[in-house]
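Encoded as structure tokens, the structure appears first; notes follow it.
The values are calculated or read from the model by the stated rules, or taken from the named source; none is laboratory data. Everything numeric in this text was worked out from a predicted model, so none of it was measured. Please note: Cβ atoms are built from the backbone with ideal geometry, for glycine as well, and neighbour counts cover all protein chains shown. Surface areas here come from the heavy atoms of the whole protein model, side chains and all, with no ligands, DNA or RNA. Shrake-Rupley method; radii C 1.70, N 1.55, O 1.52, S 1.80 Å.
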Amino acid sequence: MNKFALIGHPLGHSMSPLIHEKLFALSGLADTSYELIDIAPEDMANSRGTLEALRGLNVTIPHKQAVIALVDELGESAQRYNSVNCINNDNGKLIGYNTDCDGFLRSAEQLPIGGNVAILGCGGVGRMIAIEVARHGGNITLAVIPQDVKNAQILMAEILAKCSGASVRIADISTLDGSYDLLINATPVGMYPKVDACAVSDTIIENSGSVFDVIYNPKETLLMKKARAFGKTAVGGASMLVYQAVKAHEIWYGGSFRTEDIAKIITDVENAVDSMNK
């Protein structure tokens with residue numbers, strides 16, 4: 001039996017078992033299991049044995065950085081973000097990766113990330129997205145609330161250090177103006193149960209070519225609804241969630257999947273979210 005798991009704390013309801021079990025089924029791997037393992041932060045340092053007992057694992061908050069001390073090697077993506085969300089057990093050698101960036105890039109493949117991009121928020125996921133957009137030549141506006149300006153300045157310095165010649169500016173999210181090829185919401189604004197919230201004005205949405213929202217619950221945020229009402233392309237967070245898992249399977253055992261099969265899993269996740277909220 002090849003055992004896989006998600007570690008984090010606290011672990012409430014998670015879509016990970018649903019997604020990974022479907023990916024294992026598509027690969028024809030019957031002798032596998034996927035479980036949730038709750039590890040308290042104070043126990044993390046002594047959890048190497050738990051990790052070694054697994055063929056592969058995913059890592060969520062608050063362990064994405066703490067787990068680095070327990071792995072033997074870091075892949076390039078994990079080094080770039082100093083953050084691990086996927087570990088491969090290669091005959092006892094634990095190698096850490098970051099597949100969040102792959103999840104974003106693959107779900108945003110049809111979006112103009114190399115254009116004029118406004119990113120709402122500068123937290124963990126906002127940082128990753130901003131760096132990826134910069135790496136792909138995008139002109140970035142970091143739109144944040146006043147109390148996050150200092151964090152935005154730190155992120156801007158990091159982007160400029162990692163991506164020579166990058167274009168980055170900081171704006172107040174409440175007074176954001178201008179037009180953008182792509183508007184990305186990397187804040188929790190609009191997340192269930194506060195589904196009637198939207199981080200920016202209708203004018204900004206109307207003046208944006210397309211929208212990407214990292215939130216996957218609800219499957220269609222108010223931001224996405226407004227964007228689609230204006231005739232814009234809008235992509236939700238379920239695709240990012242599924243594609244980062246797809247990358248993990250590629251790492252673990254060389255999994256390969258058809259686009260149409262992945263699209264069905266994304267729909268399954270969205271339907272599961274809908275059912276969960278009823």
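Things to note:
- Of all the listed residues (Ser275, Ser256), the sole one being in a helix (DSSP H, G or I) and either more than 16 Å from the chain's Cα centre (by Cα) or at pLDDT 95 or above (or both) is Ser275.
- Residue count for the stretch 216-260, restricted to those that are closer than 30 Å to Ser33 by Cα, assigned by the TED database to the domain that holds Leu183 and among the aromatic types (Phe, Trp, Tyr): 1
- Considered as a group, the residues in the stretch 1-41 that are among the aromatic types (Phe, Trp, Tyr) and part of a strand (DSSP E or B) include one that is surrounded by the most Cβ atoms within 10 Å (Cβ to Cβ), and that residue is Phe4.
- Counted residues, the stretch 197-224 - those being assigned to a helix (DSSP H, G or I) and either farther than 20 Å from Gln110 by Cβ or polar (S, T, N, Q) (or both): 5
- Within the span defined as the stretch 30-49, one or more residues are modelled with pLDDT under 95 and closer than 25 Å to Ala263 by Cα.
- All positions within the stretch 42-79 that are open to solvent by 40 Å² or more (accessible area, probe 1.4 Å), assigned to a strand (DSSP E or B) and not hydrophobic (A, V, I, L, M, F, W, C): Glu73
- A single member of Gly103, Gly92, Gly114 is surrounded by fewer than 16 Cβ atoms within 10 Å (Cβ to Cβ), closer than 30 Å to Asp181 by Cβ and not aromatic (Phe, Trp, Tyr), and it is Gly114.
- Residue match in the stretch 84-100 (condition: at pLDDT 95 or above and assigned to a helix (DSSP H, G or I)): yes
- Strands (runs of 3 or more DSSP E) wholly inside the stretch 135-196 that include at least 1 residues being of a type outside the set (Phe, Trp, Tyr), modelled with pLDDT of 95 or more and over 30 Å from Val273 (Cβ atoms): 139-144, 167-172
- Residue in the stretch 127-135 that is under 13 Å from the mean Cα position of the chain (by Cα), of a type in the set (A, V, I, L, M, F, W, C) and surrounded by fewer than 20 Cβ atoms within 10 Å (Cβ to Cβ) present: no
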